[in-house]
Each structure stands twice: as structure tokens, then as C-alpha cells.
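Asks: Provided herewith is a single structure, encoded as C-alpha cells, for subsequent inquiry.
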Amino acid sequence: MSYQKPRSQNDYKDLLWSLAPLVLICLVIAGIASQCSFSTGGPKQGQIPNFDVKAALTDDARLMPFPIRLPVLPDTDPDKWTPNSGSHDTITGTGGGQTSTVGYITPEGTYMQLTQSNASVDALDKKYASGRPASGSEQRGGQKWIVYAEQGSEPAWIADFGDSRVVIKGAGNGAAFNTLATAVSQAQPLPRS
């Protein structure tokens, strides 16, 4: 005589009791692998990766076919901008070109991206501002910045320096955009050799 219920009589309680050992095994494995933690106060700020922005942009100045600027940003607390990443890309299609991108963590903990390129403003708009129309302009450090802002998305500012274009984009507030735009506008191109 079988002590098992017919399948048709199983319910959600039986399903939960069947899954409980599997969930427990997954938690034990995650704990052993140190990929899981519990914090009663919520998430904590992690370690910001160390990135040498000066060395990266100096190399880019030698390698890229357009001028590269190294903005001078605050590097002491409480106003410290921390460089955390860098990359290269190529924009294909009409008006495309090469890009040099570095990222910063602002004093408020938000991410700001600085991209320098020989691509056209239209190509940069398509890539970094999703092709949306300009919503205004700002004057910072003697340079005009075209603003691409739309409710629900990160704003992007694009400036045409003649021999290169610069995009700043990110989750920072207005002060972060002002600081980065002013620093880039005031920076001289790095030597090419």
C-alpha cells in the first residue's frame, strides 16, 4: 500500500516543502563562495576601482588622431572626483570616429562619463543621447555646450572644440555637470608626443 498522495491532490504547500531544501542548498553554496552577504543597514559603498586617468589620457593623446584634454578636477575630500574607468570605441556610420572615454565618481557618489572624439556632433548625439533633439545650451569656461535632456533619462552635454568634440553624461546633478564642463573647457590639449 502506497503512502503517497495522488498527484492531483498535491497543492502549493507540497511545492513549497519540495523547494525549501533546494533554496537552503543554494544559500549554503553562496555563503561558502562568499558571494552573498547580509547587511541590516542596507547596501554599503564598495571600493572604487583605482584608475590612472592621467596616464590613460596621456597615452590617448599620443594614439588618437584628435586632441585629448585632461580636466583638472578636485582631488581632495570632501570635493574629490575619483576616476574609476576608461575605454575606447569607434562610432561607425556617417560622421563617425574614434572615442576616448573616462569615468569619474563624483563627491556625491554618482557616475559621470567624459568622452572625447573626432566624430561629429550628430554622431555623438545618436550614440550618447539616443538621437534626441537639443533642449538648450550652457556656457561653461568660455565654451558652448549643447544640452540634450529628457525626462527619465540621463542628460548629455556636447561641445564642439573645432578639432574634437566632447560629451559629458551621467547621473550627476547640475553642479557635477557644471564642474566637469568647466574643467574640460579650461583644459589645454595634452602633448601628442
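Asks: Within the stretch 150-170, take every residue that is small (Gly, Ala, Ser) and in contact with a Lys or Arg (Cβ under 9 Å, 6 or more places away or on another chain) and give me the one that is modelled with the lowest pLDDT.
Replies: Ser153
Asks: Based on what the data block shows, is Lys144 open to solvent by 40 Å² or more (accessible area, probe 1.4 Å) and assigned to a helix (DSSP H, G or I)?
Replies: no
Asks: From the list Trp81, Trp17, exactly one residue is touching a helix residue (DSSP H, G or I) at 6+ places or on another chain (Cβ under 9 Å) and among the hydrophobic types (A, V, I, L, M, F, W, C). Which is it?
Replies: From the options Trp81, Trp17, the qualifying one is Trp81.
Asks: Here's something else I'd like to know. Consider the stretch 54-106. How many of its residues are of a type in the set (S, T, N, Q), surrounded by fewer than 19 Cβ atoms within 10 Å (Cβ to Cβ) and either over 20 Å from Gly172 (Cβ atoms) or touching a residue at least 24 places away in the same chain (Cβ under 8 Å) (or both)?
Replies: Total satisfying the criteria: 8.
Asks: In this structure, is Ile158 open to solvent by less than 20 Å² (accessible area, probe 1.4 Å), β-branched (Val, Ile, Thr) and either part of a strand (DSSP E or B) or touching a strand residue (DSSP E or B) at 6+ places or on another chain (Cβ under 9 Å) (or both)?
Replies: Yes; evaluated as a whole, the condition is true for this residue.
Asks: When you scan the stretch 168-186, do you find a residue that is surrounded by 15 or more Cβ atoms within 10 Å (Cβ to Cβ), without any contact (Cβ under 8 Å) to a residue 24 or more places away in the chain, farther than 21 Å from Glu108 by Cα and not hydrophobic (A, V, I, L, M, F, W, C), even just one?
Replies: no
Asks: Take the residues in the stretch 107-126 that are free of Cβ contacts under 8 Å to residues at least 40 places away in the same chain and not in a loop (DSSP other than H, G, I, E, B), then tell me which one is most open to solvent (accessible area, probe 1.4 Å).
Replies: Lys126
The values are calculated or read from the model by the stated rules, or taken from the named source; none is laboratory data. Fair warning: this is a prediction, and the values are worked out from it, not measured in the lab. Every residue, glycine among them, receives a Cβ derived from its backbone with ideal geometry; neighbour counts consider all protein chains shown. These accessible areas exclude ligands, DNA and RNA; they are computed on the full protein's heavy atoms, side chains included. Shrake-Rupley method; radii C 1.70, N 1.55, O 1.52, S 1.80 Å.
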